[in-house]
Amino acid sequence: MTRSIRLGVNIDHVATLRNARGTAYPSPLRAALLAQEAGADGITAHLREDRRHIRDTDMTELKKGLKIPLNFEMAATEEMGRIALATKPHAICLVPEKRQERTTEGGLDVAGDQARLTAFITPLRQAGARVSMFVGHQPRQIEASAAIGAAVVELHTGHYCDLHYAGKVAERDAELAALQKAAKLAASLGLEVHAGHGLTFETVAPIAAIPEIAELNIGHALIAEAVFMGLGAAIDEMRRRMDAARA
Ligand SMILES: CC(=O)[C@@H](O)[C@H](O)COP(=O)(O)O
Ligand SMILES: NCC(=O)COP(=O)(O)O
């Protein structure tokens, strides 16, 4: 069955659980292999500068152990560029990082850093990686992503999810409309369109229903659901909701 929308499973928070006690378990690679077996189209892992969850050795093991594509999330720093080139992942997604943040708070300011990012992504593209910019729905960020030569934009869905859970329906629907518009603009500029951050069983369908979106990257909620139903079943249920939204 050809799938109209791909699911990338982010396994960061398996590493969060592991690092909480400093044990060798649970293994992010084991989770990634289970996700691969359950039909995930790719694995996403975020090597943060502070290594709060995924560590350098995790990335190496994931690249070596997986058959499906690895999407390497990282800040646009010299250190991460060097590690990414050594790892040679299928895809690289540039995300903003602030040490004091609990989770990714916003999209990358591509428009405000265009010259540096153009130079930064050149060797990554030359190494054959599919380069993605994790951005908000602002048109200037989408346009700048195309201008610097990125292949993909990943639309930040965190605010949409936060508004949903805060019960702010009108604001949530306005955010969804902005994401729908951004997806259309990105596709019109020749960018592949992805989306992610904060998506859950409850919030995924309207995002999956956006026709221009080719891939969703989902992690935290899948690992949370896996605590109760197992990772394979959680992936099956997320995929079911994504496919139903596209039917
Ligand atoms: C960029 C993004 O939304 C996530 O993929 C990222 O992995 C979030 O990192 P934390 O889970 O550390 O907030
Ligand atoms: N880029 C989004 C991602 O990989 C997963 O984000 P989340 O589902 O863990 O919030």
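Each of Glu105 and Arg140 was given a label point 7 Å from its Cα along the Cα-to-Cβ line. The distance between the two points is 1.9 nm.
Put simply, the amide H of Arg130, placed in the peptide plane, has neighbours under 5 Å in Ala91, Ile92, leaving out anything fewer than 5 places away on its chain. The listed residues Arg30, Arg239, Arg52 rank as Arg30, Arg52, Arg239 when sorted by accessible area, largest first, using a 1.4 Å probe. Once you sort the root eigenvalues of the Cα gyration tensor of region 1-48 as a ≥ b ≥ c, which label holds: rounded (a/c under 1.5), prolate (a/b larger than b/c) or oblate (the other case)? Prolate is the answer for region 1-48, as a/c is 1.5 or above and a/b outweighs b/c. Among the trypsin sites (Lys or Arg not before Pro) found in region 57-145, those both in a DSSP coil and sparsely packed, with 12 or fewer other Cβ atoms within 10 Å of their Cβ, are Lys67, Lys98, Arg99, Arg102.
When Ile218, Ile223 are compared by accessible surface with a 1.4 Å probe, the order from highest to lowest is Ile223, Ile218.
With the cut-off at under 18 Å, measuring from each backbone N in region 97-140 to a point 7 Å along the Cα-to-Cβ line of His220 picks out 97-108, 134-137. For region 6-246, the alpha carbon positions stretch 44, 40, 33 Å along the principal axes, listed from largest to smallest.
Net charge of the neighbourhood of Gly112, taken over other residues with C-beta under 13 Å away and scored Lys/Arg +1, Asp/Glu -1, is -1. Give the calculated FRET efficiency between Lys98 and Leu17 to the nearest 0.05, with a Förster radius of 35 Å applied to their Cβ-Cβ distance. Efficiency for this residue pair is about 0.95. Toward the positive end of the charge dipole of region 54-116, with +1 on the Cβ of Lys and Arg and -1 on the Cβ of Asp and Glu, the farthest Cα among Thr104, Cys93, Met59 is that of Met59. Rounded to the nearest 500, the helix-only mean residue ellipticity at 222 nm of the chain stands at -15000 deg cm²/dmol, with each DSSP H run of n ≥ 4 adding -39,500 (n - 2.57).
Taking the 1.4 Å solvent-accessible surface of region 112-247 as the whole, the part contributed by carbon and sulfur is 57%. In the context of the full set of protein chains, region 6-246 has a per residue accessible area of 44 Å² (1.4 Å probe). Between Glu202 and Arg52, the FRET efficiency from the beta-carbon distance, with R0 = 22 Å, is close to 0.25. For a straight C-alpha distance cut-off of 29 angstrom, the lysines reachable from Lys88 (same-chain residues fewer than eight places away being disregarded) are Lys63, Lys64, Lys67, Lys98.
The values are calculated or read from the model by the stated rules, or taken from the named source; none is laboratory data. None of the values given here were measured: they were computed from a predicted structure. Cβ coordinates were reconstructed from backbone atoms using ideal geometry, including for glycine residues, and neighbour counts include every protein chain displayed. To get the accessible areas, we keep the full protein, side chains included, count just its heavy atoms, and leave off ligands, DNA and RNA. Shrake-Rupley method; radii C 1.70, N 1.55, O 1.52, S 1.80 Å.
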